[in-house]
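Written out below as structure tokens is the structure these notes cover.
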Ligand SMILES: [Mg+2]
């Protein structure tokens, strides 16, 4: 490699760790029900598509995103489970609690992934950074019976790649003076924050590895890439720009919109159109305040004034109506009942965050997101000039196929309650390696 570039001549000017649960959903199932251990298990029965595949299933070529029908054909003894997000969330919470024993600066990046900033804590724990991280990893395994893969390095961008380098139960530490060696082994498509379009473009310029990328001059990168790409260039060179954000919610204020119909309706198409209008109003207001939302709830009110609601937590905050509508559609399909009379719809946007705190790496498809944003801006401008809802989502009036959602497929946990539990109340945090 001739003249290797040494970016940082030290070990850990900052020490950041990324922890990633291995096949998290099915591992939780195997932790709760040890008879599933060592077996090919997948989750996602209720959707007909594999949400998560255990390592035993992966070994048989079964992957996330594959239809269950195909998977069963390829592997008739596959164990297929309905998703049990309640238990997954509890395990997730416990995992983050274990991380917080070592540092208060823990960012819950997704249900099974988190960052922690350990800078300056060696003396507190009387351990090296590697020892702290191994201790975290071991505590998670001992207490939750889950394996995680960890990456320790100088920036979020580096440790996100490092945790993915060895899996499952991996441990990868990249010190400052070894960054250049590590990056030579990383293709650009594995770099956090570089979407497929950026990867393709970089390829045209002969940039194939993360090392090729960071060797390009800063000016060249500034000209070619958007902000997330530029930031990751610094992060890969060991300069930490993206802070570990310990606030799961920056702001708790929410925006709600709801309207009562002039007359109650039994027409699902009408109810949905009204709901979409509320969503659009709420998003217009949110964009005016320059916020994004990471949690959306809808509710439908019957003519007897009772109501049913459903919510969803997004893995990335958005301010795009176009992006949220397919999700609203799914929630609506789960809520709407035939031959029921409705009189109002409501929407709430919560977990609002400021639109300028853009998180890197959440963007699988940067171009698409920017297109959505540009479209939202245009819609706001037109509506401002010609009146609200002049441009509205055409989807408001197209009803898609309803998803058959069988309620008979109960998660394992709901069929195996512990002493002291009932269908509504769960003991806080199961670690259920109890042989029955
Ligand atoms: Mg994972």
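The values are calculated or read from the model by the stated rules, or taken from the named source; none is laboratory data. Quantities reported herein were computed from a predicted structural model and do not represent experimental measurements. Note: ideal-geometry Cβ built from the backbone for every residue, glycine included; neighbour counts use all protein chains shown.
Selection within the stretch 35-62: residues that are within 14 Å of the ligand (Cβ to nearest atom) and assigned to a loop (DSSP other than H, G, I, E, B). The member of this set that is modelled with the highest pLDDT is 54. Which one is surrounded by the fewest Cβ atoms within 10 Å (Cβ to Cβ) among residues in the stretch 143-182 that are away from the ligand (no atom under 16 Å from the Cβ) and in a strand (DSSP E or B)? Of everything passing the filter in the stretch 143-182, 173 is surrounded by the fewest Cβ atoms within 10 Å (Cβ to Cβ). The criterion of being at pLDDT 90 or above and away from the ligand (no atom under 16 Å from the Cβ) does not hold for residue 90.
The condition (being under 18 Å from the mean Cα position of the chain (by Cα) and either closer than 30 Å to residue 232 by Cβ or modelled with pLDDT of 80 or more (or both)) is satisfied by just one residue among 301, 358, 287, 343: 358. Picking from residues in the stretch 12-34 that are away from the ligand (no atom under 16 Å from the Cβ) and outside any helix (DSSP H, G or I), the one that is surrounded by the most Cβ atoms within 10 Å (Cβ to Cβ) is 16. Scanning the stretch 107-123 for residues that are farther than 13 Å from residue 155 by Cα and away from the ligand (no atom under 16 Å from the Cβ) turns up 120, 121, 122, 123.
Entry remark, the stretch 287-303: residues being within 18 Å of residue 271 (Cα to Cα), out of contact with any helix residue (DSSP H, G or I) (no Cβ under 7 Å at 6 or more places or on another chain) and part of a strand (DSSP E or B) number 4 in total.
Taken together, the residues in the stretch 46-56 that are within 19 Å of residue 88 (Cα to Cα) and crowded, with 18+ Cβ neighbours inside 10 Å amount to 7.
Out of the helices (runs of 4 or more DSSP H) lying entirely within the stretch 186-268, which hold 2 or more residues that are surrounded by fewer than 18 Cβ atoms within 10 Å (Cβ to Cβ) and within 22 Å of the chain's Cα centre (by Cα)?
On the way: elements: 196-204, 210-215, 218-224, 227-236.
Correct list: 196-204.
Return yes or no: is residue 79 buried (at least 16 other Cβ atoms within 10 Å of the Cβ), within 14 Å of the ligand (Cβ to nearest atom) and touching a residue at least 24 places away in the same chain (Cβ under 8 Å)? Answer is no for this residue. Taking the stretch 294-329 as the range and being touching a residue at least 60 places away in the same chain (Cβ under 8 Å) and either in contact with a strand residue (DSSP E or B) (Cβ under 8 Å, 6 or more places away or on another chain) or crowded, with 21+ Cβ neighbours inside 10 Å (or both) as the test, the residues that pass are 315, 321.
Hey, can you tell me all the residues within the stretch 311-339 that are over 16 Å from the mean Cα position of the chain (by Cα) and part of a helix (DSSP H, G or I)? Step through it out loud before you land on a result.
Step one: filter the stretch 311-339 for residues over 16 Å from the mean Cα position of the chain (by Cα), giving 319-322, 325-326, 328-339.
Selection gives 321, 322, 325, 326, 328, 329, 330, 331, 332, 333, 334, 335.
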